[in-house]
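Enquirer: Have a look at this one before I ask anything.
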Amino acid sequence: MTYIVSLFLLGLVLGLVAVASNPAPYFAALGLVVAAGVGCGVLVGYGGSFLSLVLFLIYLGGMLVVFAYSAALAAEPFPESWGDRSVLGYVVVYTVGVMLVAGWFWSGWYETSWVVVDEFKEFSVLRGDTSGVALMYSYGGGMLIVCAWVLLLTLFVVLELTRGLSRGALRAV
Amino acid sequence: MTPVHFSFTSAFILGLMGLAFHRTHLLSALLCLEGMMLSLFIALSLWALQMEAIGYSVAPMLLLAFSACEASAGLALLVATARTHGTDRLQSLNLLQC
C-alpha cells in the first residue's frame with residue numbers, strides 16, 4: 001500500500017503539471033481528471049474512504065463532466081498537446097522545478113515518512129470520516145443552511161449571467 | 001514536511017503558477033482554479049484524517065460545495081463570453097486592456 005500511495009502522489013503532481021503547462025483545454029481537462037482520480041486513491045490510502053467516495057462522485061462525476069462539456073466552447077482546429085514545442089517547454093520546466101524542490105526536502109524524508117499510518121491499524125467498518133461527515137446534520141446545521149443558501153444564490157447568479165435578453169447581464173446578444 | 005504534504009503543496013503551487021502565467025483560454029484558467037481546489041480538498045481531508053479530528057471532516061464537504069459554486073459561476077462567465085465574442089480566448093476581451 002505504501003508503494004501504491006507513493007505512485008498516487010507522483011501521479012497527483014504530474015496531473016497538475018499537465019494542467020498547469022497550458023495545453024489545449026481538452027488535454028488540460030484530461031489532466032485534471034487524472035489528478036482527481038489519483039487524489040481519490042491518496043485519500044483511500046490514508047483511511048478516508050467516504051471522503052474519497054465523495055470526491056470521486058461529486059467532483060469527478062459531477063463537476064469535471066461539466067468542464068469536459070464546456071471544452072467544446074473552446075474548440076480549436078489544431079489543439080496543442082503536451083508534445084508540442086510551446087507546451088513541452090513548460091512541462092519540462094515545471095517537472096524539473098518540482099524535482100529540485102523535492103531534492104531540497106529529500107534529506108528530511110526517511111523510510112518511515114513514506115509509510116501510510118493506516119497500515120498499523122486494525123480493519124474497521126465504521127471509519128472516522130463517515131461519522132464525522134454525519135456531524136454536519138447535527139452540530140453543523142448552521143453551516144449546512146449557509147451552504148444551501150450559497151448554492152441557491154449561485155443558481156440565480158448563473159441564470160442571470162446566461163439569460164441574454166434585455167434584462168440579464170448579457171444584453172449584446 | 002512528509003512526502004504527502006510536499007505533494008499537495010506542490011500541486012497547489014503548480015495550479016497557482018498555471019493560473020498566473022498562462023492566459024490564452026478562459027477555460028484553462030478555470031481548470032487551473034479547479035486544480036487548486038482539488039489540492040485544497042485533499043489537504044483538508046488529510047489534515048482531518050491524520051490528526052484523527054473526525055469532527056473536522058465536515059470542512060472538506062463544505063469546501064467542495066463552495067468550489068462547486070465557484071466552478072458554476074466561472075462556467076457561466078465562459079458561456080456568456082462565448083455568446084458575446086464567439087470564442088473564449090482572453091485576447092478577444094480587449095475592453096479590459098489598458
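Enquirer: Nearest 10 degrees is fine. How inclined is helix B:58-85 to the longest principal axis of chain B, computing both from alpha carbons?
Expert: 10 degrees
Enquirer: When you look at the Cβ of every residue in B:76-89, what mean number of other chain Cβ atoms sits within 10 Å?
Expert: What the average comes to for B:76-89 is 5.
Enquirer: Quick check: pseudo-label points 7 Å beyond the Cα along Cα→Cβ at A:Trp109 and B:Asn94, how many nm apart are they?
Expert: Going from the A:Trp109 label point to the B:Asn94 one covers 4.7 nm.
Enquirer: Would you mind getting the accessible area per residue of the range B:1-45, heavy atoms of the protein chains only, 1.4 Å probe, in Å²?
Expert: 33 Å²
Enquirer: A further question follows. Using alpha-carbon pairs under 8 Å, 6+ residues apart, how would you state the relative contact order of chain A in percent?
Expert: Dividing the mean separation by the residue count of chain A yields 22 percent.
Enquirer: Right, another one. Could you compute the net charge surrounding A:Pro79? Neighbours are other residues with a C-beta less than 14 Å from the C-beta of A:Pro79; K and R count +1, D and E count -1.
Expert: Summing Lys and Arg as +1 and Asp and Glu as -1 gives -3.
Enquirer: Summarise the partner chain shielding of B:14-21 as one whole number: the mean count of Cβ atoms from other chains within 10 Å of each residue's Cβ.
Expert: Average per residue, whole number: 6.
Enquirer: Where the centroid of each part is defined by its Cα atoms, how far is the range B:45-98 from the range A:57-100 in Å?
Expert: That distance is 16 Å.
Enquirer: What's the average, rounded to a whole number, of partner chain beta-carbon atoms within 10 Å of each residue's beta-carbon in A:30-41?
Expert: Per-residue shielding by partner chains comes out at 3.
Enquirer: Using only the alpha-carbon atoms, how far is helix B:26-50 inclined from the longest principal axis of chain B? Give it as 0 to 90 degrees, nearest 10.
Expert: So the helix axis and the longest Cα principal axis differ by about 10 degrees.
Enquirer: Taking only DSSP H segments of four or more residues, each worth -39500 (n - 2.57), what value at 222 nm results for the protein assembly as shown once the sum is divided by all its residues, to the nearest 500 deg cm²/dmol?
Expert: -21500 deg cm²/dmol
Enquirer: What percentage of the solvent-accessible surface of the range B:1-92, computed with a 1.4 Å probe over protein heavy atoms, is contributed by carbon and sulfur atoms?
Expert: 71 percent
Enquirer: Next up: Once you order the gyration tensor axes a ≥ b ≥ c over the Cα atoms, which shape class does the protein assembly as shown get: rounded for a/c under 1.5, otherwise prolate or oblate by comparing a/b with b/c?
Expert: oblate
Enquirer: Still on this structure, I have one more. Beyond 18 Å, what share of the Cα-Cα pairs of the range A:2-120 remains, rounded to the nearest whole percent?
Expert: Tail of the P(r) past 18 Å holds 61 percent of the pairs.
The values are calculated or read from the model by the stated rules, or taken from the named source; none is laboratory data. No experiment lies behind these values; they were computed from the predicted model shown. As a convention, Cβ positions derive from the backbone with ideal geometry for all residues, glycine included, and neighbour counts pool all protein chains shown. Heads up: the accessible areas ignore ligands, DNA and RNA and are worked out on the full protein's heavy atoms, side chains in. Shrake-Rupley method; radii C 1.70, N 1.55, O 1.52, S 1.80 Å.
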